[in-house]
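Enquirer: Below you will find the structure I want to go over with you.
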């Protein structure tokens, strides 16, 4: 049962020191970063007050400001571009239920001068990957630390160890003019290392959309100012009981992608599914995720009752936005952030994936987007066939880990499933599972997920004496002329390699011979998978693990056959001990470049963000 409300005395106890500070009153001009006089950390001091070492933090702020030039901020793309909120020009869901305007409500409009407590939340990859700079919306939260920011948890996907974050309050596009501050009027506030608080349920698979919020603690700007010393008092975190999700005259603010000028709207809200708040405001496109829902807004700050996120990560259409309910869950994270308590641990991959003894019974692995949440979030899942005929689906959590497995089937007949691969053969975004059996049968299971499982079966080939010689299969985009992963590479026991393009529910069609038999090399290919090891291409690469320990990535195989290769591991490397390997999208950039490998003794490892030049060091998923 979700908590209905937090006692007012508890909220008062947490925030009383913030409220007691001497700040400008509501509606006052506020404090620009060049004139603020409260709690300035002098750049020359080695040791600052309780907030940390001033010199180191100011150095971090200078580094952040050097990187986040106006040009880079303008060029940053929304985190949720892949799930862009759509402009629905036809019939809008719930359009007949649009709330009647009330006094104080206003249509969406740009606020060119910016809003002091709301800004852009900037994300930079630091692992050398070609991931573009990204952004969401975030806002300052009143706290004794003077340094807390809130945004949507779904803005924090990926491995935080390979990302830098910064908050730019009051951001507005445009250059400085006489008497006015420029695009970053209060400066750039870098997020402190390891100072991110998310509910572990959002890091599970699938994420729990009841808790799509996150707190972050930022360091000072280059002038040594703490966040609330620069922008004035932050927004007051406010509890929302379930019975009061429908509220009057709520202000919504966000930074739509492209313009990066804050968009503001006020309207009444409605309860949705008894656990979300819904608001109708036009033009809130991708980029607004994390933007605040504010009551009693005075132009600079208000009472914070939600942020854009939750249901469908904030909504599918740019005219309707949602927030997770602000109940005890958000206050628990807030208290952790205020007291600098260690963030809750995430889901345990060791527990969710079983023991090493279990993994000694794995016989075949492949990856694909099967689970409903994985399709939505563009994350891969791991499918494993075990020695007893069980087939398991491990949903990816988007953070280089996996959730609790779902049993797709347990049947001794599945002991005869010799080769598995997955692709979008039917063109509906959800992946299909292709199985080659020991008797040569080829079976397609359409739209596999945690609900359908293996119910939609299509026999592409009956028992035969040809396909039982198919050693490996890999589905991907290999030159079929569309954006679907519906091309199939097959290696054969005699060394032949064949490419079938545009495979669908009716079978195999165009066939191209890439290597003629007999061939002495390709019988030594142990695993093949599609991968995105180069960001500049639409077609995928072919990942091959060889029996002698070499690991190779081949690019553009449809046109160049195997002439463009990249050696990721040399012959006689430890990879000759590998039992199984496959490639998926398990975290970081939304590219299929994370390698999972099974080793003797049941050890399972993940090698994230592989490129054509590097196969990274392992992360242990299951210890031997």
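Enquirer: Within the range 122-171, track down each residue that is modelled with pLDDT under 90, assigned to a loop (DSSP other than H, G, I, E, B) and over 25 Å from residue 210 (Cβ atoms).
Expert: 126, 127, 128, 129, 130, 131, 132
Enquirer: I need every pair where a residue in the range 421-450 that is outside the structural domain of residue 380 (by TED's automatic domain parsing) has its Cβ under 9 Å from the Cβ of a residue that is surrounded by 18 or more Cβ atoms within 10 Å (Cβ to Cβ) and not in a strand (DSSP E or B), sequence separation at least 6 or different chains.
Expert: Within 9 Å, no pair qualifies.
Enquirer: Right, here's the next one. Take the residues in the range 460-487 that are farther than 15 Å from residue 366 by Cβ and outside any loop (DSSP other than H, G, I, E, B); name whichever of them is nearest to the chain's Cα centre (by Cα).
Expert: That would be 487.
Enquirer: Which of the residues spanning the range 206-220 are at pLDDT below 95, buried (at least 23 other Cβ atoms within 10 Å of the Cβ) and more than 16 Å from residue 336 (Cα to Cα)?
Expert: Once the filter is applied, which keeps residues that are at pLDDT below 95, buried (at least 23 other Cβ atoms within 10 Å of the Cβ) and more than 16 Å from residue 336 (Cα to Cα), the range 206-220 yields 207, 212.
Enquirer: When the residues of the range 260-282 are filtered to those that are within 23 Å of the chain's Cα centre (by Cα) and in a loop (DSSP other than H, G, I, E, B), which remaining residue is surrounded by the most Cβ atoms within 10 Å (Cβ to Cβ)?
Expert: It comes out as 260.
Enquirer: Please go through the range 221-232 and give me each residue that is crowded, with 24+ Cβ neighbours inside 10 Å and on the phi < 0 side of the Ramachandran plot, ordered by number.
Expert: The answer is 221, 225, 227, 228, 229, 230, 231.
Enquirer: Of the residues 622, 544, 595, which single one is under 22 Å from residue 473 (Cβ atoms), buried (at least 17 other Cβ atoms within 10 Å of the Cβ) and in contact (Cβ under 8 Å) with a residue 24 or more places away in the chain? Before you say what the answer is, go through the steps one by one.
Expert: Details: 622 fails: under 22 Å from residue 473 (Cβ atoms); 544 fails: in contact (Cβ under 8 Å) with a residue 24 or more places away in the chain.
Matching residue, one of 622, 544, 595: 595.
Enquirer: Just give me the residues in the range 488-505 being surrounded by 19 or more Cβ atoms within 10 Å (Cβ to Cβ) and either at pLDDT below 95 or over 29 Å from the mean Cα position of the chain (by Cα) (or both), in sequence order. Steps first, answer last, please.
Expert: As a first pass, look at the range 488-505 and keep what is surrounded by 19 or more Cβ atoms within 10 Å (Cβ to Cβ): 488-492, 496-497, 499-501, 503.
Within the range 488-505, 489, 490, 491, 492, 496, 497, 499, 500, 501, 503 meet the criteria.
Enquirer: Which of the following residues is more than 32 Å from the chain's Cα centre (by Cα) and assigned to a loop (DSSP other than H, G, I, E, B): 590, 617, 559, 571? Please lay out each step first, then the result.
Expert: Numbers: 590 fails: more than 32 Å from the chain's Cα centre (by Cα); 617 fails: more than 32 Å from the chain's Cα centre (by Cα); 559 fails: assigned to a loop (DSSP other than H, G, I, E, B).
Answer to the selection: 571.
The values are calculated or read from the model by the stated rules, or taken from the named source; none is laboratory data. In this text the structure is predicted, and so the values were computed from the model without any measurement. So basically every Cβ, Gly included, is an ideal-geometry build from the backbone, and we count neighbours across all protein chains shown.
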